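The values are calculated or read from the model by the stated rules, or taken from the named source; none is laboratory data. Every value quoted in this text rests on a predicted model; they were computed, and no experiment measured them. Cβ sites come from the backbone with ideal geometry, for glycine too, and all protein chains shown count toward neighbours.
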Amino acid sequence: MSNSAPASVAPSQTASPPGSHALDKRARLLTGPILPTLLNLTMPVIAVIAAQTFVAVLEAFWVSRLGTAAVAGISLVIPLYILMNTMSNGGIGGGVSSAISRAIGGARAADADALLFHSVLIAVAFGALFTGAWFLFGRTITAALGGAGESQGDALTYAGWVFGGAPLIWTVNLMASAMRGAGEVKLPAIVSLIGAGVLIPLSPALIFGLGPLPRLGVGGAGVATLIYYTGALLVYARHLSAGRGGLRLALSALSGRHFGDILGVGLLSAIGSTFASLTVVGLTGAVGHFGAQALAGYGIASRVDSLLIPLLFGLGSGVVPLVGVATGAADHARAHAITRLSATIALLFSEGVGLLVAFAPWLWMNLFSHDPQVLADGASYFRTAAPFYGFSGAGIMLYFAS
């Protein structure tokens with residue numbers, strides 16, 4: 001623990017001074033027992049991610065009812081979608097969380113608010129970059145990954161929606177990253193849980209058509225995703241504009257220093273996460289050349305990877321503000337202790353999941369397909385890759401701490 005105690009915020013009968021909410025959060029993050037404080041930050045996020053995981057599994061199940069070509073088409077897009085979410089949540093989003101948590105740790109509430117505004121501008125810029133890149137090169141990319149015929153058509157339909165709304169997705173993710181950096185985890189949890197409740201009936205209704213809703217096929221999954229992000233943006237913008245949760249969203253003078261605080265960490269983080277995601281894209285392309293069945297088998301099996309990462313992100317969302325505030329207050333011993341504990345938890349959890357699917361791949365694969373070749377290819381992937389999930393989990397947690 002640090003030898004210098006954080007400044008306490010005295011009770012007042014009048015309105016709290018500006019930044020007092022942020023300073024109160026700083027005190028809790030800096031002095032609370034590590035494991036209970038980490039659990040308090042992460043359990044709402046993990047609960048939300050568990051709900052989102054259920055929605056994602058259910059969506060994959062509904063898409064699988066459209067046939068092997070639809071599963072193969074979605075499998076072409078998922079690695080690219082993960083790349084975007086990894087960059088926005090873990091890469092640039094990590095830079096946002098880090099910068100804001102360090103500002104709060106250093107008792108600089110005004111800087112934290114300015115960093116929030118700059119993060120929104122960054123989100124719009126990066127989102128527009130993804131949208132433009134997809135509409136310019138999407139067909140070429142899916143062809144290079146092995147997409148052809150019906151599977152490529154399904155990939156283009158689904159991706160047209162999710163990448164068309166990339167600025168919206170980026171803005172929501174960076175706003176959530178900013179709130180997590182300030183120790184605000186309840187609102188993103190509530191929004192995500194409500195969103196999951198809406199998506200469970202909405203996604204199949206749009207995929208297959210229901211009443212006045214048209215049958216959109218794989219495009220229905222993309223439309224449902226954008227409906228969720230639109231609602232989340234409206235809630236987050238209203239909450240942050242009112243100055244709740246320790247941050248206030250308002251116009252701020254542009255500052256190279258604030259852009260540097262975010263991107264100095266975020267761009268370097270994004271490089272690592274981008275290379276990891278591009279590895280998955282490259283593997284998808286290699287598998288795609290073995291045909292739709294191999295692509296479907298790999299896509300179904302590797303979906304476990306894409307579901308594990310958000311759960312680890314849930315734990316990491318608590319690690320970032322705890323380590324960031326401790327670092328901002330120069331309490332390096334506490335930062336190191338948080339890092340060791342979180343990496344151990346991640347290793348044990350990830351390895352447990354990996355060993356389960358490696359020894360019993362049918363528990364997962366049979367949910368989505370009964371094609372013998374698809375099942376065999378998915379099981380082969382699990383037996384080869386899953387025993388090493390624990391190393392990946394620990395590495396991801398070290399990344400969040402860094």
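Taking the conditions (1) more than 17 Å from Pro33 (Cα to Cα); (2) without any contact (Cβ under 8 Å) to a residue 12 or more places away in the chain in turn, Gly354 satisfies each one other than (2). In the condition set (1) under 23 Å from the mean Cα position of the chain (by Cα); (2) surrounded by 20 or more Cβ atoms within 10 Å (Cβ to Cβ), Trp161 is compliant with all but (2). Considering the stretch 87-121, and only residues there that are among the β-branched types (Val, Ile, Thr) and surrounded by 23 or more Cβ atoms within 10 Å (Cβ to Cβ), the residue that is farthest from Ala326 (Cα to Cα) turns out to be Ile92.
Looking at Ala330, Ala343, Ala358, just one residue is at pLDDT 80 or above, in a helix (DSSP H, G or I) and over 24 Å from Asn85 (Cβ atoms), and that residue is Ala358.
With a requirement of 1 or more residues that are modelled with pLDDT of 80 or more, the helices (runs of 4 or more DSSP H) lying completely within the stretch 1-104 that satisfy it span 34-64, 68-85.
Close contacts from the stretch 190-213, counting a first residue that is on the phi > 0 side of the Ramachandran plot and without any contact (Cβ under 8 Å) to a residue 24 or more places away in the chain and a second that is exposed (fewer than 14 other Cβ atoms within 10 Å of the Cβ) and of a type in the set (D, E, K, R), with Cβ to Cβ under 7 Å and a gap of 6+ residues or different chains, come to Gly209/Arg215. When the stretch 265-308 is filtered for residues that are crowded, with 24+ Cβ neighbours inside 10 Å, over 24 Å from Pro372 (Cβ atoms) and at pLDDT 75 or above, only Gly266 remains. One residue alone among Phe349, Phe400 is without any contact (Cβ under 8 Å) to a residue 60 or more places away in the chain, part of a helix (DSSP H, G or I) and not β-branched (Val, Ile, Thr), and that residue is Phe349. The set of residues in the stretch 220-239 that are within 17 Å of Phe61 (Cβ to Cβ), in contact with a Gly (Cβ under 9 Å, 6 or more places away or on another chain) and touching a residue at least 40 places away in the same chain (Cβ under 8 Å) comprises Gly222, Thr225.
Scanning the stretch 235-248 for residues that are more than 13 Å from Phe117 (Cα to Cα), at pLDDT 85 or above and either in a loop (DSSP other than H, G, I, E, B) or more than 19 Å from the chain's Cα centre (by Cα) (or both) yields a count of 3. A single member of Ala333, Ala326, Ala343 is surrounded by fewer than 19 Cβ atoms within 10 Å (Cβ to Cβ) and out of contact with any Phe, Trp or Tyr (no Cβ under 8 Å at 6 or more places or on another chain), and it is Ala333.
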